[in-house]
1. Tell me which of these F56 doesn't satisfy, since it passes every other one: (1) in the same structural domain as V87 (by TED's automatic domain parsing); (2) over 23 Å from E130 (Cα atoms); (3) not β-branched (V, I, T).
2. Looking only at segment 605-614, decide whether some residue is touching a His at 6+ places or on another chain (Cβ under 9 Å) and among the aliphatic types (A, V, I, L, M).
3. Test each condition in (1) closer than 26 Å to C599 by Cα; (2) buried (at least 18 other Cβ atoms within 10 Å of the Cβ); (3) modelled with pLDDT under 90 for S201 and report the one that comes out false.
4. If I filter segment 65-86 for residues that are assigned by TED's automatic domain parsing to the domain that holds I127, part of a loop (DSSP other than H, G, I, E, B) and within 29 Å of the chain's Cα centre (by Cα), do I get at least one hit?
5. Give me a count of the residues in segment 615-640 that are surrounded by 14 or more Cβ atoms within 10 Å (Cβ to Cβ) and of a type in the set (D, E).
6. Tell me yes or no: at least one residue of segment 608-623 is at positive phi and without any contact (Cβ under 8 Å) to a residue 12 or more places away in the chain.
7. Cβ-Cβ distance below 6 Å, separation of 6 or more or different chains: which pairs start in segment 258-283 with a residue that is assigned to a strand (DSSP E or B) and end on one that is aliphatic (A, V, I, L, M) and surrounded by fewer than 24 Cβ atoms within 10 Å (Cβ to Cβ)?
8. Go through segment 615-640 and give me each residue that's closer than 22 Å to Y349 by Cα and either in contact with a Cys (Cβ under 6 Å, 6 or more places away or on another chain) or among the polar types (S, T, N, Q) (or both).
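The values are calculated or read from the model by the stated rules, or taken from the named source; none is laboratory data. Since this is a predicted model, take the numbers as computed values, not measurements. Using ideal geometry, Cβ is built from the backbone for each residue, glycine included, and neighbour counts are taken over all protein chains shown.
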Amino acid sequence: MYGEHPTKTGEVVAVYQPSHEREQQTWENSHNVQAWAEIYLLSLSDELLTSAWSTFGYVAQGLRGMRPLILYKIDRTIPDPPCGRGVSMEPCYHAPPIFDCKAQSTTVDIGGLVPHVRHCEDISWGIKLEVFRFAEEENGFGMKTYFKVGACLIVFSVVLIFIFQDTALDSITRFATTSFFATGSEHSCLSRNQSVLYRKSSPHKPSSYLVSKLRSYEELHKRCGPYTISYKRSIKQLQSGQIDHNSSDCKYVVWVADCGLGNRILSITSAFLYALLTDRVLLINQEQEMVDLFCEPFSNTSWILPEDFPFKNKVSGFNQKYGHTYGNMLKNNTINYSTQLLPSYLYLYLSHDCGHEDQLFFCDQDQALLSKVPWLIMRSNVYFLPSMFLMSSFDQELDKLFPDKETVFHHLGRYLFHPSDRVWRLITKYYQEYLAKAEKRIGIQIRIFHPKTSPFEYVMDQILACIQKEKLLPEVGTGKSIASPSKNQTSKVVLVTSLFRGYFEKLKKMYGEHPTKTGEVVSVYQPSHEGRQQTWQNSHNVQAWVEIYLLSLSDELVTSAWSTFGYVAQGLRGIRPLILYNRTISDPPCGRGVSMEPCYHTPPIFDCKAQTTTVDTGALVRHVRHCEDLSWGLKLFNSS
């Protein structure tokens with residue numbers, strides 16, 4: 001109506017609806033999150049039109065503090081008048097008692113006993129508090145005070161519900177948690193509770209088995225985490241080099257950093273799933289460049305490897321050549337499948353350049369051996385998670401955890417990685433200043449791996465061809481016939497993330513100097529342009545995390561092939577991006593991803609059962625196939 005026809009007054013009327021779930025789903029947490037969001041949004045209105053009898057509307061009008069227009073209930077015919085202004089902003093008690101306690105009678109009209117309790121406008125037998133100008137003299141409450149009391153009670157009850165109910169964002173973001181961490185401060189992780197104000201609701205729901213598994217893990221981590229009795233006992237075994245199977249109630253996997261932030265987030269997620277599958281506790285060897293990027297994911301404990309961990313310096317420096325790696329010990333026959341006296345710890349080298357013996361980690365027979373070693377110290381910079389879906393020892397458990405195979409990182413990533421308070425303030429400041437007011441947000445993530453083979457003009461043309469082919473952004477014109485700006489323009493904002501400034505400048509100039517053919521307003525922003533990756537700088541990683549998170553708030557995403565930075569953003573957002581192909585001839589320039597899962601760039605090509613290195617691991621099971629952007633890589637797909 002208002003979209004197709006001009007108003008007689010010349011006013012512009014825009015109409016929006018946050019959701020349309022068709023049926024009430026009271027027992028679904030995600031439904032209640034959405035309901036609370038919409039009640040609160042209604043309470044921010046200048047005017048309110050509510051349905052008769054609706055408690056949803058009662059709460060909104062009470063929080064707003066105004067008397068609404070009430071749509072009278074339809075009984076076969078449209079009421080005349082169709083609506084009326086409420087006499088009181090108080091909610092209605094739908095089923096009040098009709099018993100007079102003093103007279104011991106059930107025939108009393110309780111809506112006529114006192115002047116300030118009368119029948120409701122929208123339901124004749126209900127009762128509510130209404131205006132009584134002399135109430136203050138009689139009982140200390142004036143008209144305004146009644147309304148304030150009611151509004152306060154509503155606020156108090158709703159806030160209690162919001163605190164004590166699991167306020168999960170998109171069903172899984174808050175699995176872990178109350179907001180109280182080791183610091184004891186309820187404000188120690190602002191993003192955990194505030195992200196719901198910025199991130200769209202996810203349509204991807206976790207399995208109940210995954211929720212239960214994560215809850216169990218949290219208890220395990222609380223029991224075995226740093227400085228607990230079990231941890232101290234395990235440290236003594238580690239130092240002695242002897243395994244006491246009678247007292248080894250906790251096992252650990254220690255993750256060691258390598259490469260950029262995107263790689264780190266993906267490899268931590270892989271290590272966490274491995275810990276989940278093998279009943280181990282994940283501990284992070286936090287280097288200086290990783291300090292204060294993320295909140296602690298588990299309540300009342302920490303996942304940071306303590307500074308006094310034995311041989312911590314060696315942990316940070318170990319590499320593929322280190323003699324105590326599992327691969328080298330197999331190669332040198334220092335350890336084998338029949339070894340009885342196993343060491344108390346082993347190093348696992350699972351980075352992109354790991355060798356054949358290192359990759360035996362992905363064989364069931366080797367997992368049986370590794371399960372007996374209390375401490376596994378893992379260096380990895382890849383998303384090795386897809387290869388675990390090829391292992392028969394994990395197969396059934398993974399099927400129960402993730403019936404939807406392309407949501408593994410989406411669920412685990414949102415569960416594990418919440419921006420720290422200092423990062424969250426940067427994210428929200430930038431979002432409010434540049435992105436919040438746009439009707440559509442488009443993220444373009446540009447990663448140049450080989451500048452000589454990817455010249456600027458070539459990549460720029462590819463980006464423009466992609467966004468115009470997919471109709472993400474309107475074309476620009478130069479003729480005088482282009483429509484002049486109008487009040488009812490729609491607006492789009494483009495967030496460019498790149499180490500280089502040129503792509504942003506070209507897009508900004510294009511949309512800043514020329515009107516669009518559709519009349520839409522397009523703004524272009526880039527938070528930073530550092531010129532080169534500085535993985536070992538904390539400030540660089542802070543900025544990288546800010547930009548990954550901002551990308552994940554986009555409505556549409558264009559990402560660069562091979563880029564782990566883009567993989568993390570698309571996974572947190574929960575969408576299949578448009579991928580800018582890394583090809584000599586880009587025709588088409590980009591394509592829609594078939595799965596939103598990240599790609600494992602360097603998977604093993606070894607068949608553990610057949611003992612051969614000629615197997616195509618992308619053809620063994622339906623849900624593990626080769627990546628769209630890297631022909632030899634592996635990723636998870638839904639088998640359908």
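1. All conditions pass for F56, except number (2).
2. There is no residue in segment 605-614 that is touching a His at 6+ places or on another chain (Cβ under 9 Å) and among the aliphatic types (A, V, I, L, M).
3. (2)
4. No: segment 65-86 contains no residue that is assigned by TED's automatic domain parsing to the domain that holds I127, part of a loop (DSSP other than H, G, I, E, B) and within 29 Å of the chain's Cα centre (by Cα).
5. Residues that pass the stated criteria total 2.
6. The answer is yes; a qualifying residue exists.
7. Pairs found: L282/V253; L282/A275; L283/V254; L283/L305.
8. Within segment 615-640, T617, G633, K635 qualify.
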